[in-house]
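Visitor: The structure follows.
Please treat every number below as a calculation from the coordinates, not as lab data. What you see is a predicted model; the values in this text were computed from it and never measured. In this analysis, Cβ positions are derived from the backbone assuming ideal geometry, glycine residues included, and neighbour counts consider all displayed protein chains.
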């Protein structure tokens, strides 16, 4: 068991969340559930990120395999980056991942 301090705003938010639950949990139970939800969400997010990284790596390997041998290394890297990340025009408007 641990004790935590919540700012008044956070406490109100937890209490508001608890009021929406069917069984109206106590403050401590609401905090426990919210922590569990947050941890589960973080786990899912990490799993998605891992899958995305694996997919990007596989795409990079395939692009390397199909690369244009007469092109310079710099040109091949530029093409690879464009294929993996997508055109700049689209990267700027995508909202489901950080720009980069």
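Visitor: Apply 1/(1 + (r/R0)^6) to the Cβ-Cβ distance of residue 13 and residue 89, taking R0 = 25 Å, and write down the FRET efficiency to the nearest 0.05. Don't skip to the answer; put the middle values down first.
Guide: Working: r = 39 Å, r/R0 = 1.55.
The pair residue 13/residue 89 has a calculated efficiency of 0.05.
Visitor: Can you give the extra length, in nm with one decimal, that the chain gains between residue 54 and residue 82 once fully stretched, where that is 0.36 nm per residue apart less the Cα-Cα distance? Numbers along the way, then the final one.
Guide: Details: separation 28, 0.36 × 28 = 10.08 nm, distance 1.76 nm.
Taking 0.36 nm per residue and subtracting the Cα distance, the gain is 8.3 nm.
Visitor: Only one of the values [x] 14, 34, 17, 12, 10, 7, 4, 1, 0; [y] 15, 46, 29, 8, 1; [z] 12, 26, 19, 16, 15, 10, 2 was calculated from this structure for P(r) over Cα pairs in 10 Å bins from 0, in percent; name its label.
Guide: After the calculation, the listed value that fits is [z].
Visitor: Compute the helix-to-body angle for 73-85: its Cα long axis versus the longest principal axis of the chain, expressed 0 to 90° and rounded to tens.
Guide: With rounding to tens, the tilt is 40 degrees.
Visitor: Note the angle between two axes, namely the Cα long axis of helix 27-66 and the longest principal axis of the Cα atoms of the chain, as a number of degrees from 0 to 90, rounded to the nearest 10.
Guide: Once rounded, the angle reads 0 degrees.
Visitor: Let me ask another. Can you tell me the length gained on complete extension of the stretch residue 42 to residue 20, counting 0.36 nm per residue apart and subtracting the Cα distance?
Guide: 5.7 nm
Visitor: Taking Cα atoms, how many degrees apart are the long axis of helix 8-20 and the longest axis of the chain, rounded to 10 and kept between 0 and 90?
Guide: So the inclination is approximately 80 degrees.
Visitor: Before rounding to the nearest 500, sum -39500 (n - 2.57) across all DSSP H runs of length at least 4 in the chain and divide by the residue total; then give [θ] at 222 nm in deg cm²/dmol.
Guide: That comes out to -23500 deg cm²/dmol.
Visitor: Test of understanding: in a Gaussian network model of the chain with alpha carbons linked when under 10 Å, which of 56, 26, 45 would top the mean-square fluctuation ranking?
Guide: The residue with the greatest mean-square fluctuation here is 26.
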